[in-house]
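Visitor: Just dropping this structure here.
The values are calculated or read from the model by the stated rules, or taken from the named source; none is laboratory data. The structure displayed is predicted, hence computed values, not measured ones. The protein model used for the area step is the full one, side chains on, heavy atoms only, and it has no ligands, DNA or RNA in it. Shrake-Rupley method; radii C 1.70, N 1.55, O 1.52, S 1.80 Å.
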Amino acid sequence: MRKRRSAVDKKETSISAPSKSKKSRAIEPPEETSQSVFALFVQEAGVTLNFGDESNLIDCKRVITGLEAHIEDAERFKNSLLPCVPRTKTEDPSYSSSFHESLLRMLLGVELLQTQIINTLLEKELASKLIELVSVAPVEVQRDIITSLPEILEDSQHGDIARELNSLLQENTQLTVPILDALSSLNLSSSILIEVRTAVMATLTAVELEDLPVVVKFILHSVSASDALKVVSNLRKKLELEQCVLLSVLQDSQNRQKNKATQMHSAKAVSVNQDHITLILDGIKTAVRFQKTISEAWLKAIEAVDEPEDHKVIDLLALFILHITNSNQSRKGAERVMKNKVRSGLFRENLLQKTFKDYAQVMRVYFPSILALAQGLVRSHDPGVVPFGGHMYRHSFTAFDSYCQQEVVGALVTHVCSGVGGEVDMALELLCGLVTETPKTCPSMLFLSSPQQIRKLFHLLSSLAFGRQQQQSSHIQDDMHIVIRKQLSSTVPKYKRIGIIGAVMIIGSMGAYRSKGKESQNDSLPQETKRQLTALLELVQSSSESSPEAAALYFDELANLIVTADLDPHVQDMIGKSVLNDFQDDFVVDLSPNISGSFPLPACAMYNLDEDDSQEQIAINLLPLLAKETQHKGETKKQNEKKVSVLCLSPFFRLLRLCEEKTHKGDLEEIDALLVTPGFAPPVANFDGESVEGVVPSVTAANKGKKESTSKKRKAPGKSSSQSSQHDEPNGTEESQQEPPEKQKEKEKEVKSGASLSGFRAFFRELDFEVLNVLQCGLISCSHLNSRLNTEVREEVLLGLSELVFLLEDMLQKVEFSLHASPAKRAPFLKAKVDKSVGFSHLQQKSTKDIALSCVELLPALCSHLENCHNYFQTLLSENGGVVDGPATDFQEHQLMSQSYQLLLQILNTIFNWSGFSQPCKRSVMKKALEVLAGRLKEGETELGLEQLVKYSFEYLQNFKTSMPSLSTALCLMQLLSTVSEKGGHAAAYREQKASLARRFLNQEWVTATGEREKGTKFNETLHSLLSLYLEHVEDVLKGVEEIAGEGISELINAGKDESSAAWPTLHRQTFLVFYKVLLAVLEKSVRRIPAAKMDDNTEVQSEKLLTWNLAVRDFQILVSLVKVFDSRPVLNVALKYGRLFLESFLKLCMPLLDYSFKKHKEDVQSLLKTFQLSTRQLHHMCGHSKIRQDMSLTNHVPALKKSLELFVYRVKAMLTLNNCQEAFWMGNLKNRNLKGEEILSQKPQDSDSDEEEQPARNQDNESHESDSERTNIEDQNMTDDSD
């Protein structure tokens, strides 16, 4: 194509020609100056003019770049297309009348620039033309064009095309994938990126499942650090994976109903959906791996959810992703969030079940992380999170393939081998559960220490060997029989115990009831199985006869099997008949008037409740058996000789009772004669009257004719108790009731000095939890007693005070063992672990939920006893005219009622403080318990909400505040109120009431029934806890501390030696150390909670923080100055310890505040420092006093305290320097003084060795240098009063 030469070409020729023809004139000065200016002009435009034979150069790239930048603006582009006009009217008029070329046309006349300018002009319009083309083209063409846009367009056009694509995305969701792919490849500014991401996030719920991976990837990869949390939180809310799975399930069910031929297609569709979800999670994983802010944002977004219903499947999946990637230490964060969510009850089993059920294929990749998280939860010392780890194991075993199942079993076996009690129990329980699902999961034989662990293991093995698939497990059966025989024949008690427990578990599995459709119930067990059962029972019984302990263990294990297992009726009947016959042969004899034989103690028939003499009577052969056992002690047992021990009486009778209950469905008519049968035993005086040496006499000894005595007659609830009942006793103790008061006091001292039975609990029989049903009986009172203190209503079962205390103590021990309030603490290294399960063997076989339900059933009875105690003390106060130690007070009765009151409150607090109530599956149990308390106040109220139940329960318990007999009982009530108030989630609403009640107790003078003031170590510990509770719930802690320190202690200083503060009666000289320690500890803790200062805090915030610190420093100064009056070593020790902690908190939190607020609040800062300096000087004096006394317990605090004091001086100087006031600071040496302010001339005693002495001046100088040697002056205000 022939190109037209423009005027530009002509002009360029006319310019260059003269330069060639007039070289001789180039040396003239005027021409040279003009040529140089022109050369610079065209050089700036990209043209370089050369002289001589060299050609002129043109920089095409520079010209095109400048042109592109110029025409980027629409107005400039328009002007470039318009004709050029002369600059001034004074130029040649012919130019103004002729047609002028435009700038672009003139540039197009340059052949070197022509092609590049044409490309630039075409690209300028290409973007808009392509968008127009997309709007009318088919979908396939649209996708191709959009995908190609990043390669076609220049970076300068990316912003405009991004807005066009964003608009197109809102109109047509079919183009989501290509548009997001194109946007990901464009170079966009942050504002445009936020705009596009916001629009994409708005359409997230309408995006198809197959497009979601691209959408999620674009959203996460376009996040900046500032908005990561906001974006991830919105993405988490709008990403509804549950809906995707639900839609596929519905479609699958519809296809199955329509046509069975479509099942393959529907299964394929479900698999495709799982693949899409996998791609979504891969996008999240990629973002988490390469962006730290994304991983942190996911953790914070999940932590921010505070309702269990708001948690979604994506939360668990995101934690699995964070754990498996472990980018930026996200694994620890995932473990922490998982534990916190499970502990708080926000992650529930239904969410876990839904995740494993619907996303098993997706989660298979994250199995290592799932296994690791489950291991961490099961190994946790918090019992509240252990079950969730077990659920993770169970669902992993069910949902994944055989390889994962093997890994799960291996992990559980590892838990079993760990030896940690809770971990082993959970692992064994899970293995037993997995046996029913997959019979091939069999761990190897393990040696376990706990009987409960041995039971679980043998239950697992016996279920494998003698379960439903017995034919396939014959080799396991043979191994089990060999192991059991070997253990039973051992003489080592440990292995014999394993053999007995294992044999009983095998009996339970072999004799389990199996319903069969074709066979009748009478032939449910094969004859061979019955023969093996009989042989195994005889083997265990014969192996345990030689040892009473082994026999008792066998009876207990068999009794527990009867209760828990569903045995075949034939097996049940066989065991029941054998037990009944053996018990009659061993312990039951005919009752005869004369008892023949020689016994170490007098023998007679005791506790005979059967008044019918017409029939032959029987008796329990107790004393003769004991005598026979004593005579033959140490002798070797003859072959085929049966040895009967009295030690087996209680477990054997328990087994007999349970067998009869199970066989006759709770009816004990067959053995009711045993309840009234007498026993051959020594007279009661040898046990309950004037007790023998070493046995603690009953605390129910008679006093003033109103005490409960041993002559009461009551029927025992034989159906609910595993122990022998309370029986009639003769009235031989009546004479002791007439003894003078002096002898009674001597007996009281003897009672107090007797040995306590609490240390021998492990050697006594364990009471079944069902025995506590006796608490539902009423409490015996004086109105039910006749003149001889015998009960007049014999048919009604009533409790005495001693029995009530005994049962309450046992119940408290049981609930404290089973219903833990907090995670168990780790045992210190190399410290012997105490087996706390001793004495709770029967209780361990119950689940904590069953125990909690049993406690809830007993709550009405406990409340009745609590109200009886309340009424007793209210009546006592009214009879005594408002005093405790009045004439109507019975000391022993008062002591027993006080003990019962405190035990009841402790039991209630332990029940309601159970950590299991935080688990969702046990919330209903907690609600039932609260309904019992609320029902005592609001009878007939139904369907109350949780908050209302907590409110009414709190009000009900608060009514007992007027009848507290001791400070320890008052503390128990306070703890119970705190526990109940926290169950509703709004504990702060009860802070004022709890603080008021605690203050009421602190302002009360506590005396015993004898009129003496309460004192002692336990009283001080109780006072410490109560005072801490008060300051914890008071509205303003600093004002509360100031009130006690400023008013209460000031009154104590002016009071007499044995007097107390008028405002705080519990504050006297014996309890001053308790108050002082609590006040300092609470003060130091409260200042650590003051928010740290920020540079951008406004004036109001700074003033508020300064005011708070002023109050804290003033309280500290008051407390520190008290050492001048109370200068004992314990007080100084407390002051030095908490003084250093307070000083460290001041340096860390308050000094930055002073840095920022000094210029605006100069006077407040000055006042604060002056007040605090008084405290630091007193601390310095205490350091000097400690060195004089040479007390190691005090001097241990001195180095660290002096270091902090010196640091404070230089920190103040730095603050003043920062605010350009360094001239206001000056420093000198403080003299060493003692607590009274007297100068210390030397720190060394006068009689010290000469080689250890130093010059006084040097010593003084060194001590002064190490001290808080501060002489600080701000604005000419001297802040010190000591000088050299």
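Visitor: In whole percent, how big is the carbon plus sulfur part of the accessible area of the range 174-234, probe 1.4 Å, protein atoms only? Intermediate values should be presented prior to the final figure.
Guide: Details: 1330 of 2570 Å².
On the range 174-234, the fraction of accessible area on carbon and sulfur atoms equals 52 percent.
Visitor: In terms of modelled amide H atoms, which long-range or inter-chain residues lie less than 5 Å from the amide H of THR48?
Guide: Here the answer is LEU57, ILE58, ASP59, since their amide H atoms fall under 5 Å of that of THR48.
Visitor: Out of all Cα-Cα pairs in the range 936-1009, roughly what percent, to the nearest whole number, are more than 15 Å apart? Present the calculation step by step, with values, prior to reporting the outcome.
Guide: On the way: 1508 of 2701 pairs.
Roughly 56 percent, once rounded to a whole number.
Visitor: What are the radius of gyration and Dmax of the range 1096-1155, computed over its Cα atoms and given in Å?
Guide: Final numbers for Rg and Dmax: 14.3, 46 Å.
Visitor: Please compute the alpha carbon radius of gyration of the range 289-437, then divide it by the globular-protein estimate 2.2 N^0.38 Å. Two decimals is fine. Mind dumping the intermediate values first?
Guide: Values: Rg = 14.8 Å, N = 149, 2.2 N^0.38 = 14.7 Å.
That ratio works out to 1.01.
Visitor: No solvent, one uniform scatterer per C-alpha: report log10 I(q)/I(0) for the range 1016-1059 via the Debye equation at q = 0.18, 0.19, 0.33 1/Å, two decimals.
Guide: Calculated log10 I(q)/I(0) at the listed q: -0.68, -0.74, -0.98.
Visitor: So what does the Cα-only Debye profile of the range 290-373 read at q = 0.16, 0.19 Å⁻¹, as log10 I(q)/I(0), no solvent term?
Guide: -0.57, -0.81
Visitor: Looking at the calculated P(r) for the range 890-1023, what percent of the C-alpha pair distances fall above 18 Å?
Guide: Values: 5136 of 8911 pairs.
Pairs farther apart than 18 Å: 58 percent.
Visitor: Below 14 Å Cα-Cα, how many Lys pairs turn up in the range 922-1012? Only count pairs eight or more apart in sequence, or on different chains, if you could. All intermediate terms of the calculation are to be shown ahead of the outcome.
Guide: Values: LYS922/LYS983; LYS927/LYS951; LYS927/LYS983; LYS928/LYS983; LYS938/LYS951; LYS951/LYS983; LYS951/LYS994; LYS961/LYS994.
Qualifying lysine pairs in the range 922-1012: 8.
Visitor: What list of whole percents do you get for P(r) of the range 845-949, with Cα-Cα distances grouped in 10 Å bins up to the one holding the largest distance?
Guide: With 10 Å bins starting at 0, P(r) equals 13, 36, 27, 17, 7, 0.
Visitor: Given 10 Å bins starting at zero, what is the percent of C-alpha pairs of the range 1027-1126 in each, up to the one with the largest pair distance?
Guide: 14, 44, 27, 11, 4, 0
Visitor: Can you give me the P(r) profile for the range 344-410? Cα pairs, bins 5 angstrom wide beginning at 0, each as a whole percent.
Guide: For the range 344-410, the pair-distance distribution reads 4, 18, 31, 26, 15, 6, 1.
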